[in-house]
1. With the contact rule set at Cα under 8 Å and sequence spacing of 6 or more, what percent relative contact order holds for the stretch 2-121?
2. Report Rg/Rh for the stretch 6-46, rounded to two decimals, where Rg is the Cα radius of gyration and Rh the Kirkwood radius.
3. So what's the Cα pair-distance distribution over the stretch 2-121, bin width 10 Å, in %?
4. If we count other beta carbons within 10 Å of each Cβ, what is the order of 39, 111, 120, fewest first?
5. Which peptide among 74-81, 89-96 comes first, and what is the full order, when sorted by highest mean count of other Cβ atoms within 10 Å?
6. Take the alpha-carbon centre of the stretch 7-24, take the same for the stretch 26-85, and report the distance between them in whole Å.
7. Students often check this: by mean Cβ neighbours within 10 Å, which of 11-18, 100-107, 29-36 ranks highest, and how do the rest follow?
Ligand code: CA
């Protein structure tokens, strides 16, 4: 289980890494929004813990950019901002959950577990759909028996999926 921690405060990042590793998670820490954005685009994580107050592009900007790219990685926002409006903005920007600092580590772990479970459930649904579609793609459309051009084959496959 691999977690990306995005946190610019060294002490907080170290505490998160230590606690998560004790729970057998593999932990990658990034200190800036830019570095975090690059990571989530190039590696697969089971969950992302995202601080909102970051130097440069802040957490909300990163979150919006990640969601705009269609990435579904579960994101848990960790922040000192605790007003109702901040929570609503965070969730509207694509966060899956929200935890206000300071928080109890046991609660963080429980929330990560719940996020990962929900992520897995969504993934398995997508996996089943892919499995059901694959045989249709592999077979030539009925009646074509190899006489159709690649272009008509593709069109038929597209039609079959619609
Ligand atoms: Ca911060």
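Read-outs: derived from the displayed coordinates by stated rules, not from any lab. Please read these numbers as outputs of a predicted model, since none were measured by experiment. In this analysis, Cβ positions are derived from the backbone assuming ideal geometry, glycine residues included, and neighbour counts consider all displayed protein chains.
1. Worked out over the stretch 2-121, it gives 23 percent.
2. That ratio is 0.98, to two decimals.
3. Whole-percent P(r) values from 0 Å outward: 14, 52, 32, 2.
4. Working: 39 16, 111 20, 120 12.
Fewest-to-most ranking of 39, 111, 120: 120, 39, 111.
5. Details: 74-81: 20.8, 89-96: 17.6.
The most tightly packed comes first, giving 74-81, 89-96.
6. If you average the Cα positions of each part, the centres end up 15 Å apart.
7. Values: 11-18: 14.8, 100-107: 11.1, 29-36: 19.6.
Going from most to least packed, we get 29-36, 11-18, 100-107.
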